[in-house]
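Step one of this worksheet: look at the structure below.
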Amino acid sequence: MRCLTVAVSALLMGSLAIFVRNIDANPVVLTFFRMTFGFLYLIPLAKFVRFEVFKNLKIISLAFISLLTITFYITSIQLIEVAIAALLLYMAPVYVMIFVILKGYEVPKFSIYSLILALIGLFLLLSPYGKLNFGLMFGILSGFCYALYFIITKDVRRFASSIEITFVTLSISSLILSPLSITELNLLKSKILWILGLGLIPTAIPFILMNYGIKFCRREVTPIIALIEPVSAGIFGYVFFGEMLTFKQLIGAILIISSVIVVVRSGVEG
């Protein structure tokens, strides 16, 4: 049942748009605030972080990949509907499955069935869109980067804890973006509560839960469980921004939830 931490993480991450749209800043600045304040919440956990993990190239690469994923995703959220942006982020399972097959890993039947079910759901959710725009393109890029994050994190979790991965990722990302965001610190006065929430609810807590759960889920299954995020993002989009899903999209959301249930009940730990 440890894979359920991935599901809870995805649910919390689905709330990201609420904070992004209420802070109203450019994607780089928003990513800086998200990473920096997420990192500040983790400082009390620094005693659990070994200094040598900062020297590991795989963990360093995770920081850059995470940075790109979040920046592309936030950009997409600002340009198109929340649910659609989240669903494009979760094209990641397609890329992960391709990687698994090319690497020759054994893929259980239930994983394939769940992936097919999830992809049908994704297709129905995306069907109302008929043209490519910048929002869709940034969403596609975020999905590709997210797939790389899942793939590399699975290996990194063999020698680093979820706290260490999250701590290193957030700290390095904050340092990288600080020169580009220093002029926007005036936002702290007017948006401090939203920024504090941004660092905690869709960032610090779910990042730790996600990195923890990835160790105990199969490589190709973790992204499927995390498909809860676009569904929850769609619900948040409707409740807070009045974004409506069509009948096809609702059916797609049901299929995605069904695929998650199949994965969890099939025994994916180990």
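List of remarks:
- Neighbour counting of Cβ atoms within 10 Å sorts the residues PHE236, PHE33, PHE134, fewest neighbours leading, into PHE134, PHE236, PHE33.
- Taking label positions 7 Å along the Cα-Cβ direction at both LEU132 and LEU188, the computed distance is 4.1 nm, reported to one decimal.
- Lysine pairs in the chain whose alpha-carbon atoms fall under 26 angstrom of each other, counting only those eight or more residues apart or on distinct chains, come to 15.
- About the centre of its Cα atoms, segment 98-207 shows a dipole size close to 120 debye [charges on the beta carbon of Lys, Arg (+1) and Asp, Glu (-1) only; nearest 20 debye].
- Of the DSSP H helices in the chain, those whose Cα atoms cover at least 18 Å axially and whose Kyte score averages -1.0 or more: 27-42, 57-79, 109-126, 134-156, 162-181, 228-241, 247-265
- Estimated [θ] at 222 nm from DSSP helical runs (n ≥ 4, -39500 (n - 2.57)) normalised by residues in the chain, nearest 500: -23500 deg cm²/dmol
- Charge dipole (debye, nearest 20) of the chain; +1 at Cβ of Lys and Arg, -1 at Cβ of Asp and Glu: 500 debye
- Value of Rg/Rh across segment 88-162 [Cα atoms, Kirkwood radius]: 1.03
- Counting neighbouring Cβ atoms within 10 Å and putting the fewest first, the residues THR246, THR153, THR183, THR203 line up as THR183, THR246, THR153, THR203.
- In plain terms, the residue of TYR105, TYR41 with the fewest other Cβ atoms within 10 Å comes first and the most crowded comes last, giving TYR105, TYR41.
- Only Lys, Arg, Asp and Glu carry charge here, each on its Cβ (+1 for the first two, -1 for the last two); on that basis segment 143-224 has a dipole of about 200 debye about its Cα centre.
- All-pairs Cα distance distribution in the chain, expressed in whole percent, bin size 5 Å: 1, 6, 13, 18, 20, 17, 13, 7, 3, 1, 0
Read-outs throughout are calculated quantities, based only on the coordinates presented, and are distinct from any laboratory measurement. As the structure is a prediction and not an experimental result, all values here were calculated from the model. So basically every Cβ, Gly included, is an ideal-geometry build from the backbone, and we count neighbours across all protein chains shown.
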